[in-house]
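Asker: The structure that follows is given in the form of structure tokens.
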Amino acid sequence: MASSNIVQGEQNDNLTMLNKFIQTAADDAERVSYYSKRAKVLFDMKKWTDVMIDIEFLEKNQALDDDLLTIK
């Protein structure tokens with residue numbers, strides 16, 4: 001059980017970091033990269049609605065990769 005808490009803590013840390021990177025990204029290409037990474041972290045955390053929001057952003061920017069297309 002302790003290992004699942006560690007993984008969850010790491011996911012939360014990654015999510016917090018990616019949120020900050022998205023807020024401060026200098027350009028759209030950089031922001032798209034962070035959205036893609038965040039969508040995958042959110043998927044691992046089973047936050048389906050948030051995953052779909054990020055996928056929608058990536059679709060609008062024509063940046064949806066095969067992994068996220070499969071998730072969708």
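Read-outs: derived from the displayed coordinates by stated rules, not from any lab. Computed from a prediction, not measured in an experiment: that's the story for all the values here. A quick note on method: Cβ atoms are made from the backbone with ideal geometry, for glycine too, and the neighbour counts reach across all protein chains shown.
Asker: Of the residues ILE53, ILE22, which is part of a helix (DSSP H, G or I), touching a Lys or Arg at 6+ places or on another chain (Cβ under 8 Å) and at negative phi?
Answerer: ILE22
Asker: In the range 12-36, what residues are surrounded by 15 or more Cβ atoms within 10 Å (Cβ to Cβ), over 11 Å from LEU58 (Cα atoms) and without any contact (Cβ under 8 Å) to a residue 24 or more places away in the chain?
Answerer: LEU18, PHE21, ILE22, ALA25
Asker: With the requirement that a residue be over 25 Å from GLN8 (Cβ atoms), among the charged types (D, E, K, R) and assigned to a helix (DSSP H, G or I), what does the range 25-50 give you?
Answerer: Residues satisfying the conditions are ASP28, GLU30, ARG31.
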